[in-house]
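Down below is the structure, laid out as structure tokens.
The values are calculated or read from the model by the stated rules, or taken from the named source; none is laboratory data. Everything numeric here is computed off the predicted structure, so don't read it as measured data. Cβ atoms come from the backbone with ideal geometry, glycine included; neighbour counts cover every protein chain shown. When the accessible area is computed, the model is the full protein with side chains, heavy atoms only, and any ligands, DNA or RNA have been set aside. Shrake-Rupley method; radii C 1.70, N 1.55, O 1.52, S 1.80 Å.
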Amino acid sequence: MRTRTALAAAAAIVALAAGCSSAATGGGDKAGGPVTLKFLSLAWQKESIAANKQIVDEWNKSNPNTKVEYVQGSWDNVNDQLVTSFEAGDPPDVIHDDSPALAGFASRGYLADLSGKLPADLKSDIPQPAWDTVTFGDGKGGKGVYGVPFLQESQVIIANKKLLDAAKVRVPTPDQPWTWDEFAQISKKLTKDGSFGVAWPLKSPVNKVLNLGLNFGGTFFQTDGAKATVKVGPEEREVLQRIHDQLYKDKSADPSALGMGTADPLPGFYAGKYALLPAGVYLRQQVVEQAPPGFQWITIPPLKGTSTNQGATSQTLSVAADSKYPDQATKFISFFLNSANQAKLAKGDWLLPTSTKAASDPSMTTKENGWDVATASAKNLVVAPYLRVNGFDEWKSKVATPTLQQYFADKITLDQAAKTLVEEGDKVLARYTK
Amino acid sequence: MTLTAERARRPSTDRPRRGTKGRQGRETLILMLPALVPVLVFSVGPLLYGIFLAFTDARSGRNAVTSFVGLSNFGDLLTDGDFWASFRIGLIWAVSVTVLQFLASLGLALLLNENLRFRSFARVLVLVPWAMPPVVIGLMWRLVYHPNAGILNSVLQQLGVIGHNVDWLNDFSIALPAIIVVGIWTGMPQTTVVLLAGLQTVPKELYEAGHMDGATTLRRFWSITLPQLRPVIVTITSLDFVWNINQFGLVYVLTQGGPGGQTRLPMLFAYEEAFRYGFFGYAATLGVAFVIVVLAVLGLYIGRQLREAN
């Protein structure tokens, strides 16, 4: 008698523990009834969060049968969070992320292939180079589209207008950009009286250097079928060497800015310590908000090497393969990223919309705050070669980041850096083709 | 009902005790079951599963196929330079935090054992870091170390010790010492409290006898306090060592292993392998390897202490 009660109690505990995981995954699966989608958003700037929530509200009002629940995530740990929720089988239905992360997730089968499911007007509104940033192998030999790209970032230079005028340098236009040589000369010219021509904040150097590397055709990777290897040849060395020269040969770049994150040099920039600040287009937002009154600045279009090409990654919306309502999720994405909404989101994040209609919106082409230059730079964006490299994330954090940091701190030579990037890098990449 | 039957039968059976013993054993087991089940389900089960994973090539992915690979993960481990770098950092971290923490706590415990004013208030104050979760401690110290807005830089600048702001957590050579300081601060309460408790058990007569014999303060500390405290010291330092080498949350919040892997403790390394790069099998191997290392270190250390004590 007592035995049985005790056993029953124990069984109940086990059942309860096991039941917890399955009970949490509900959410109205009655046929035809209202469904709830979870939307994991990584918006972090105030305007951008507001824009996101506003679009979700609009959707919820006009689609009472598909309720979208806004879930706030963070760029800092989103990929760890997603791996665990994918493995647990309970991921958010609609996932905001960026294209470098998608390649890995796609090859592991976590994301739904959207090719053939998206409405034609959305497909034609976004140009092919942007679609290329989300088209990956599925890990089984096929290819698919694993997200809708909507925001892109290009690298521009934010400049102190007063200092440029005082030095009487040519202000470039998107059609006649500065070449890297010109940029080096101008930086030297602007270096005087204790202030520097340029500040390179290179705390996280990898993506910046790889995206700019394409100016000289530097791809950093070569792929042979499924196998990728690292390559640091003359093309790849151009940008590395040029930045290094500015720091240690021309002495036109402030070495104390090296350890800084992108936004950290801003106080010094406002104070005139540096005249030029290479940065992503989104940094304009902080300049607009924080610059002291009367501070005049302009946006300098991307530099030209052998071309003005820059590697592009995109922010994306994807559907989880484990989502119970992939069709509704796809519909929501199509609504969320229509051209009108993209213009709102781009303005909120100070980035470039992929939608061609959104890019021609008057608010995206105004001279105010450099939007015209920023939007024009979208034409320089080509798909970054490292997006297709399985294991790029590990190469970046284990090999490339420490090596490039040491190189830019002048602790190792370019030859040593190149050797480490290739030899250690190939070892890392080999793990992913086993 | 059965109980009475058993009792009635007892005198007539040849081996009465065995039956009762078996029955008692069974009852003990049943009574233990409610406590045992959670332990089995939430501790032993995952542990065994983790050990099993260490011998497979488990990877993240819906289409990943897991197969048994024997000892090949352990082979990879031996030749993995990044792992050994992380292991070295882990040992520097664990040993220096444990030793410095012990020295600082011993000083503090001796102080609090004296008859000072506001002693009980100070004792409560010492416990404050214990009341904070590691993540909160990490966030708090990140503010202290903040290069532009941190209190440390502004104080040092005002004192004229440093000429420009130091980015404590992002400098290649300073980051590890900086987190070690936080580690010491975090672990001091436990160590202090345990040592203080140990100090209070030292018989007063020993000190009086030492006094009579004219032993100096230092001599009394060396010949009375330390030997009397020895079992406590062995216990708390070995526990601290295990806690420190397994530290994760604090460092994850402070530096996430950066800059360039300079503070990538072994547990962060294993976490990255599993949840960032998706190699679950290899990460499990790392975990098993660490259990072995910790057991070996503790076995040597405690074994030696016990032998000396005998």
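Relative contact order of region A:21-158, taken over Cα pairs closer than 8 Å and 6 or more residues apart, is 21 percent. Checking an interface number: how much accessible area is buried between A and B, summed over both chains, with a 1.4 Å probe, in Å² rounded to 100? So the buried area, both faces added, is about 2700 Å². Each Lys and Arg Cβ is given +1 and each Asp and Glu Cβ -1; about its Cα centre, the protein assembly as shown then shows a dipole of about 2160 debye. Inter-label distance, A:Q241 to A:A340: 5.3 nm, where each label sits 7 Å from its Cα along the C-beta direction. When both bridge partners sit in the protein assembly as shown, DSSP labels roughly 65% of those beta bridges antiparallel. What does a probe at A:K61 reach in region A:327-362, counting residues whose amide N is under 15 Å from the point 7 Å along Cα→Cβ? It comes to A:341, nothing else. Segment B:L306..B:V161, full-extension length gain: 47.6 nm, with 0.36 nm per residue of separation and the alpha-carbon distance subtracted. Once the Cα atoms are used to define both axes, helix A:180-190 deviates from the longest principal axis of chain A by about 60 degrees. Residues B:M188, B:M212, ordered by accessible area of protein heavy atoms at a 1.4 angstrom probe radius and largest first, appear as B:M212, B:M188. When the surface is traced with a 1.4 Å probe over the full set of protein chains, A:D372 keeps roughly 40 Å² accessible.
Electrostatic bookkeeping for A:T313 treats Lys and Arg as +1 and Asp and Glu as -1; over the other residues with beta carbon under 10 Å from its beta carbon, the sum is -2.
For the pair B:N148 and A:K379, a Förster radius of 35 Å applied to the C-beta separation gives a FRET efficiency near 0.40, rounded to the nearest 0.05.
Taking 16 Å as the straight-line reach from the Cα of A:K53, the aspartates and glutamates in range (excluding those fewer than 8 positions away in the same chain) are A:E69, A:D349. Calculate for chain B the 222 nm mean residue ellipticity that helices alone would give, adding -39,500 (n - 2.57) per DSSP H run of length 4 or more and normalising by residue count, nearest 500 deg cm²/dmol. It comes out at -22000 deg cm²/dmol, rounded to the nearest 500. Working from Cα pairs under 8 Å separated by at least six residues, relative contact order for chain A is 24 percent. Split chain B at each of the chymotrypsin sites (Phe, Trp or Tyr not before Pro) in a DSSP loop with at most 14 other beta carbon atoms within 10 Å, and the longest piece is B:119-247.
Extension gain for B:L110 to B:V44 (0.36 nm times residue separation, less C-alpha to C-alpha distance): 19.8 nm. Distance between the pseudo-spin-label points of A:K168 and A:D90 (7 Å out from Cα toward the beta carbon): 7.0 nm.
Helices meeting the span-like rule in chain B (full DSSP H runs, Cα extent of at least 30 Å along the helix axis, mean Kyte-Doolittle score of -0.5 or higher): B:16-39, B:81-113, B:175-200, B:280-309. Sparse packing (at most 14 other Cβ atoms within 10 Å of the Cβ) combined with a DSSP loop state is found for the following chymotrypsin sites (Phe, Trp or Tyr not before Pro) in region A:75-182: A:W75. Note on B:V44: accessible area is roughly 60 Å² with a 1.4 Å probe, heavy atoms of protein only. Dividing the summed -39500 (n - 2.57) terms of all DSSP H runs of n ≥ 4 by the residue count of chain A sets its mean residue ellipticity at 222 nm at -12500 deg cm²/dmol.
Bridge orientation summary for chain A: considering DSSP beta bridges with both residues in this region, about 65 percent are antiparallel.
Once the Cβ-Cβ distance of B:S67 and B:V291 is raised to the sixth power relative to R0 = 22 Å, the FRET efficiency obtained is 0.40.
Approximating the spin labels as points 7 Å out from Cα along Cα→Cβ, the B:V135-to-B:R23 distance works out to 5.3 nm. Between A:D426 and A:D175, the contour length at 0.36 nm per residue exceeds the alpha carbon distance by 86.5 nm. In region B:38-65, burial by the other protein chains removes 40 Å² or more of 1.4 Å probe accessible surface, compared with the chain on its own, from B:R59, B:S60, B:R62, B:N63.
Between A:T433 and B:T217, the FRET efficiency from the beta-carbon distance, with R0 = 56 Å, is close to 0.25.
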